Amino acid sequence: MAIPTTAPACIVLAHEDPDHVRRLIDALDPFPVFLHVDARTPESVYRAMTDGLPERVRLLPRIRTGWAKWENVAAEVSGYRAALEQTDASHVAVLTGSDYPLANPDEITAVLREHPEQSFAQVQPLPFPEWGRSGGYARVRYPHWAWQKTMIRVPIPRRIPRDVVLAGGSQLKVLARHHAAAVVDVVDNRPDLVAFWRRTWIADETFVPSVLNSPALTPDFVEEHVPHTLWWIGWDGQARKSPPWLTIEDGGRLFEQRTDAEQGLPLLFARKFSTERSADLLDVVDAAFGLRVGRSAATEAGQVVAP
């Protein structure tokens, strides 16, 4: 049965912290959610994350995702496929299990209605100076394996697949429906690209951006996207591979920087949050944006009522 129309459909890619994942799902109400839980997640954590979820949440087939692996792309694409098949939402948002909205559903819907055929994604053509000496080309040019959070690179260059204009960007994005469909179409009809990207370093940061950035694969993307992220991420100026966890001390920056002055658009999501570190800040966010209104004490205690 199809989920009733609403925008956006939300893909949530999670692997831990079931309390925060459930809080995120609550905050996204009434949007349909397609939840992927890493196959490596222990069964007890998986059950805590998924038992008694509302009908608007659909579980995706579990894939063993991991650091820098192609399977992260596979999980994302399975979310696009399900959202396209089961909803007629105008946009599909990709979130992690440590994200959270910075706007209520009415504001999120209003922003997307103003851009009905446009995606929101920062797609950087390669070379991208912030990605090191090669500008990111080495990630794609050489075969890679990830083993126990160690990069293994084979120093034998390979030919870039035909018709591809390389680009990079974050996995966090909001795609217009027809752009999400283009990504699924490429996965289904270009096995050469799938095979190539299985050995590309951190494929979730280059596969979808490159598909979108290639006119032969997604002809209208360059003209039909807003080069703007809808996420606020609490980078603190320190050299890090991953953003820091947000706490109540970050509340001032979060609210001050929620609106992008250059684009004039609100930042609709933020990361990254956890139950242990961020509960006080999330309470403030809920109150400020009217999220999770009417949640019962039983639900707050983790006793989710079955639909």
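Full extension of the chain segment joining Glu43 with Gln238 gains 66.7 nm, where the gain is 0.36 nm per residue of separation less the Cα-Cα distance.
Taking every alpha-carbon pair under 8 Å whose residues sit at least 6 apart, the chain reaches a relative contact order of 21 percent.
For the chain, the longest stretch holding no chymotrypsin sites (Phe, Trp or Tyr not before Pro) located in a DSSP loop with at most 14 other Cβ atoms within 10 Å is which? By the stated rule (loop sites, at most 14 other Cβ atoms within 10 Å), 68-234. Between Trp67 and Val222, full extension at 0.36 nm per residue minus the direct alpha carbon distance yields a gain of 52.9 nm. For the chain, the share of DSSP beta bridges that are antiparallel, to the nearest 5, is 45%. A straight Cα-to-Cα reach below 18 Å connects Lys149 with the lysines Lys69, Lys241, residues fewer than 8 places away in its own chain not being considered. Computed extension length for Gln257-Asn189: 20.4 nm, one decimal, from 0.36 nm per residue of separation with the Cα-Cα distance subtracted. Considering only Arg159, Arg177, Arg58, the Gaussian network model of the chain with Cα springs below 10 Å gives its largest mean-square fluctuation to Arg159. Here's the picture: charge each Lys and Arg Cβ at +1 and each Asp and Glu Cβ at -1 in the chain, and of Pro127, Pro8, Val45 the one pushed furthest to the positive end of that dipole is Pro127.
Computed from backbone phi, the HN-Hα couplings of the range 85-97 come to 6, 10, 9, 10, 4, 6, 9, 10, 9, 10, 10, 9, x Hz, rounded to whole numbers (Karplus: 6.51 cos²θ - 1.76 cosθ + 1.60, θ = phi - 60°; Gly and Pro given as x).
Loop-resident trypsin sites (Lys or Arg not before Pro) (DSSP state other than H, G, I, E or B) in the range 120-150 with no more than 14 further Cβ atoms inside 10 Å of their Cβ: Arg133, Lys149. Normalised per residue, the accessible area of the chain is 47 Å², obtained with a 1.4 Å probe and no contribution from ligands, DNA or RNA.
Taking amide H positions as modeled 1.01 Å from N, with prolines and chain starts lacking one, the residues under 5 Å from Val226 and 5 or more places away or on another chain are Ser119, Phe120, Ala121. Amide H to amide H, with H built 1.01 Å from N, Ser214 comes under 5 Å of Val165, counting only residues 5 or more places away or on other chains. Taking the protein heavy atoms of the chain in the context of the full set of protein chains, the accessible area attributed to carbon and sulfur is 52 percent at 1.4 Å.
Each label was represented as a point 7 Å from its Cα along the Cα-to-Cβ direction; for Asp280 and Asp29 these points are 2.7 nm apart.
Scanning the chain for GluC sites (Glu not before Pro) in DSSP loops with at most 11 neighbouring Cβ atoms within 10 Å leaves 115-222 as the longest stretch between them. The trypsin sites (Lys or Arg not before Pro) of the range 11-47 meeting both criteria, a DSSP state outside H, G, I, E and B (loop) and at most 14 other C-beta atoms within 10 angstrom of the site's C-beta, are Arg40.
The values are calculated or read from the model by the stated rules, or taken from the named source; none is laboratory data. If you're wondering where the values come from, they're calculated on a predicted model, not measured in any experiment. Note that we place each Cβ from the backbone using ideal geometry, even for glycine, and neighbour counts take in every protein chain shown. All accessible areas refer to the heavy atoms of the entire protein, side chains included, with ligands and DNA or RNA removed. Shrake-Rupley method; radii C 1.70, N 1.55, O 1.52, S 1.80 Å.
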